[in-house]
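Worksheet: the structure to be examined is printed underneath.
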Amino acid sequence: MKTLPKVPTHPETWEKLRALGRDLLDGCRASLPDGTAIWCPDAQRNYAGVWLRDFCYVVEGLGDMMNPAEILAVVDRFLAYQLEDGTVPTRVMADGVPDYREGPRESPLGHGPPADNPQFLAKLLCAYVDISGDWQAFAERLDAVERALRSLPIDREGFIHIDPNLPRSAYGFTDCVAKTGRELFCSLLLWEAYRRLAETCRRWEMHEEAHGWYERAEALGRVGPSFYVPGWRMFAAALGDCHQIDLWGSVYACVLLAATGAQRKAVAGFLSEHYDRCFFLGHMRHLPAGEHWERMLAAVQPENYQNGGYWAVPAGWAAQVLATIDGSVAARLVDDVVAEFEQHGVHEWIHPQHGRHVKGYIASLANLLGAVRPISRKRATNAR
């Protein structure tokens, strides 16, 4: 699937990230009671289990370092717990028991499962076949993926829509946030999932299936125009509650080319002009500094976690967008993230006043690695 180009980086930086990735894969590896290998979101086991979206990011960024058979075994573990209506778990905990909603088991968040699990299931299966070439396993599981996608809360025009009277988690990295109405990030993920499925089917000559997925992607359109706010030069997180500037969603819309060329230029300009409001040590907030979410599903204090923390998960996407107008700014962002990783470790989120949280968080590393590429050693030498 065509996206914005990856950010060129020095081969030594690339190799450092790869080495960190290998270490984190080892550190996050665990087993379910039946012996199935899983990868926890962090090496400290603050999150003891395997989360579907985190695991997808790991495979997308580090999958060539993994055993394909073990990736497929995790996919099948999630499919084994698929409900009759198509719903798949958001996570399988270390005790082998699935959970379908976010938050603690005794007090889960929202009125239903997160609105991103089926999209990540689709993306994960496509990533698996890209690594393994095992198109038969892909074909055998395609009906289950389609049932999962049909379980999503979709409006008449195909967008993810969350009922304001029955709020639920949307994108899992905002699972504490009560975005309602049409929601940007999960709609982007849905458009991406349709296109990834279509292109994977086409590659393996499943022409009828490819046509069907392309039709769904075309029906949904580019997604961006429904959420773009010209006066902001950015995209809104949702069209109901939390109609606010979505930094993560804006850069992801650009990376996927769901935004127009003019919109991509505007988003890059906003990030460049408001760099200090968006980034700290290369990590990015969900909202520009000084802003906090209007409605929450969990009590997260301002300037903490998803309500003001700075995250590395979207940093690579931001660098890809910034590179469209200024490669030096993009390179600075990547270098800042890598320097933070080397000096203090890879964390889930950080904050200038509230410190560093959840060390060994593998999605932070995997997503950055997935957004960069090494330049040749000859070029790197000549650039010195």
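The values are calculated or read from the model by the stated rules, or taken from the named source; none is laboratory data. Only a predicted model underlies this, so the values are computations on that prediction, with no experimental measurement involved. Don't worry about glycine lacking a Cβ; one is built from the backbone with ideal geometry, like all the others, and counts go over all protein chains shown.
Looking for something over 27 Å from Leu271 (Cα atoms), crowded, with 17+ Cβ neighbours inside 10 Å and either free of Cβ contacts under 8 Å to residues at least 12 places away in the same chain or of a type in the set (Val, Ile, Thr) (or both) - is there at least one such residue anywhere in segment 163-175? Talk me through it step by step, then tell me what you get.
Step one: filter segment 163-175 for residues over 27 Å from Leu271 (Cα atoms), giving 163-168.
This time we only want the ones that are crowded, with 17+ Cβ neighbours inside 10 Å, so: 167-168.
Pick out the ones that are also either free of Cβ contacts under 8 Å to residues at least 12 places away in the same chain or of a type in the set (Val, Ile, Thr) (or both) and you get none.
No, every residue in segment 163-175 fails to be over 27 Å from Leu271 (Cα atoms), crowded, with 17+ Cβ neighbours inside 10 Å and either free of Cβ contacts under 8 Å to residues at least 12 places away in the same chain or of a type in the set (Val, Ile, Thr) (or both).
Kindly evaluate Ala80 against the criterion of being without any contact (Cβ under 8 Å) to a residue 24 or more places away in the chain and surrounded by fewer than 23 Cβ atoms within 10 Å (Cβ to Cβ). Please lay out each step first, then the result.
Working: without any contact (Cβ under 8 Å) to a residue 24 or more places away in the chain: yes; surrounded by fewer than 23 Cβ atoms within 10 Å (Cβ to Cβ): yes.
Spelling it out, Ala80 is indeed without any contact (Cβ under 8 Å) to a residue 24 or more places away in the chain and surrounded by fewer than 23 Cβ atoms within 10 Å (Cβ to Cβ).
Screening Ala339 on (1) assigned to a helix (DSSP H, G or I); (2) surrounded by 15 or more Cβ atoms within 10 Å (Cβ to Cβ); (3) free of Cβ contacts under 8 Å to residues at least 60 places away in the same chain shows it passes everything except condition (2).
So if I check each of Ala330, Ala323, Ala318, Ala298, which one is at pLDDT 95 or above, closer than 26 Å to Leu109 by Cβ, under 22 Å from the mean Cα position of the chain (by Cα) and hydrophobic (A, V, I, L, M, F, W, C)? Talk me through it step by step, then tell me what you get.
Values: Ala330 fails: closer than 26 Å to Leu109 by Cβ; Ala323 fails: closer than 26 Å to Leu109 by Cβ; Ala318 fails: closer than 26 Å to Leu109 by Cβ.
Going through Ala330, Ala323, Ala318, Ala298 in turn, the sole match is Ala298.
Checking the condition among the small types (Gly, Ala, Ser), surrounded by fewer than 22 Cβ atoms within 10 Å (Cβ to Cβ), assigned to a loop (DSSP other than H, G, I, E, B) and at pLDDT 95 or above, which residue from Ala289, Ala258 passes? Among Ala289, Ala258, only Ala289 is among the small types (Gly, Ala, Ser), surrounded by fewer than 22 Cβ atoms within 10 Å (Cβ to Cβ), assigned to a loop (DSSP other than H, G, I, E, B) and at pLDDT 95 or above. Residues in segment 268-277 that are outside any loop (DSSP other than H, G, I, E, B) and out of contact with any strand residue (DSSP E or B) (no Cβ under 6 Å at 6 or more places or on another chain): Ala268, Gly269, Leu271, Ser272, Glu273, Tyr275, Asp276, Arg277. Only one entry in Gly61, Gly96, Gly86 is on the phi < 0 side of the Ramachandran plot, among the small types (Gly, Ala, Ser) and in contact (Cβ under 8 Å) with a residue 60 or more places away in the chain, namely Gly61. How many of the residues making up segment 123-178 are in a helix (DSSP H, G or I), more than 15 Å from Trp204 (Cβ to Cβ) and among the aliphatic types (A, V, I, L, M)? Of the residues in that region, 4 qualify.
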